[in-house]
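Taking it in order: structure first as structure tokens, then the write-up.
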Amino acid sequence: MRYAQLHSHLEGSLKLDFIECSWENRVEVYNWFGSKKRTVEDLLACLNQYGDRTDFFSEIRVDYQGNLTDYSFSKELLKEFRRLPSIYSLRRQNCPLEDTSTIIQLFNDGLICGVDFTGREYGNPPSKFYKVMGKLEYENIPYTYHLGEQSGDEELIQLLKFNPRRIGHGLSISEKNIGLILEKGIHIEVCLTSNIYTKRASLHNHPVLLLYERGCSFSLNEDDSVFFNTNIVNEYAILKSILPEADLDKVYEDTFKASFSSLS
């Protein structure tokens with residue numbers, strides 16, 4: 001069986017023995033990773049620990065937080081770690097709305113393969129980031145957008161005025177709007193265990209059932225494997241349990257086709 005995923009956050013996927021085995025430390029790892037006090041060596045240790053996982057294909061999302069516009073910091077980190085395709089995570093609550101020069105430079109240097117809009121959805125509708133999305137599309141930089149964990153149909157319609165290659169979670173996808181998803185050929189990054197743990201959906205009302213029925217391209221993903229105590233093998237098994245007829249090889253192939261690294 002072949003496995004692939006596109007939605008995996010580095011700071012939520014570190015081994016427990018790396019960050020100490022306690023729930024408090026699992027929560028605080030976000031602050032640890034994004035702290036301006038951390039050195040390149042600290043972050044490289046995280047990347048190399050994640051890179052030990054060689055059992056499947058994965059893109060990895062790296063969140064710089066306080067170092068969003070520091071090109072030298074980002075380049076020094078990423079140039080040492082090319083084993084996994086890296087996606088630059090932009091936290092919506094502190095996203096640079098005007099200066100995207102760091103992102104463009106990292107992409108042109110081949111150090112990232114795309115961008116992810118993540119972080120708090122409340123108070124940060126897609127329309128707030130139209131300028132950033134426009135700049136990314138002008139530069140042909142693919143991006144994905146977390147949507148549906150805290151938002152609904154209105155935000156999805158806003159987003160689809162632009163052209164994200166992928167949508168993370170996609171919990172607001174329904175019969176009402178899936179036609180637009182299919183029309184634009186958008187790939188959906190499904191995170192089953194994550195959505196169950198956060199009580200955003202159950203297995204029996206999850207949008208993946210609709211995505212499968214309508215033939216939409218989607219992948220299965222860990223999201224934050226340590227936080228949610230899951231792995232990619234488990235995610236594939238869960239889908240098979242609710243959709244026994246699902247062709248997992250097709251899921252793998254659709255995942256690989258939607259990879260930003262396959263575009264570069």
Quiz prompt | Members of region 208-258 that are part of a helix (DSSP H, G or I), β-branched (Val, Ile, Thr) and touching a helix residue (DSSP H, G or I) at 6+ places or on another chain (Cβ under 6 Å) | solution = ILE238, ILE242
Quiz item: Within region 195-230, which residues are crowded, with 21+ Cβ neighbours inside 10 Å, more than 18 Å from GLU59 (Cα to Cα) and hydroxyl-bearing (Ser, Thr, Tyr)?
Solution: none
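Okay, residues lined up against (1) more than 30 Å from LYS161 (Cβ to Cβ); (2) among the charged types (D, E, K, R):
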site	(1), (2)
LEU192	no, no
ARG214	no, yes
LEU239	yes, no
LYS257	no, yes
Exercise. Would you point out the residue of region 137-159, among those that are among the small types (Gly, Ala, Ser) and without any contact (Cβ under 8 Å) to a residue 40 or more places away in the chain, that is surrounded by the fewest Cβ atoms within 10 Å (Cβ to Cβ)?
Key: GLY152
Self-check item: Matching residues, region 178-193, being outside any helix (DSSP H, G or I) and crowded, with 16+ Cβ neighbours inside 10 Å
Solution: ILE186, HIS187, ILE188, GLU189, VAL190, CYS191
Practice problem: Answer yes if at least one residue in region 160-176 is surrounded by fewer than 23 Cβ atoms within 10 Å (Cβ to Cβ), in a helix (DSSP H, G or I) and free of Cβ contacts under 8 Å to residues at least 60 places away in the same chain, and no otherwise. | Solution: no
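Which members of region 76-99 meet the condition of being within 19 Å of the chain's Cα centre (by Cα) and modelled with pLDDT of 70 or more?
Scanning region 76-99 gives PRO85, SER86, ILE87, TYR88, SER89, LEU90, ARG91, ARG92, GLN93, ASN94, CYS95, PRO96.
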Quiz item: If you scan region 113-132, which residues turn out to be touching a helix residue (DSSP H, G or I) at 6+ places or on another chain (Cβ under 8 Å), crowded, with 23+ Cβ neighbours inside 10 Å and free of Cβ contacts under 8 Å to residues at least 60 places away in the same chain?
Solution: VAL115, PHE117, PRO126
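The values are calculated or read from the model by the stated rules, or taken from the named source; none is laboratory data. Quick caveat: nothing in here was measured; it's all calculated off a predicted structure. No Cβ is skipped: glycine too gets one built from the backbone with ideal geometry, and neighbour counts run over all protein chains shown.
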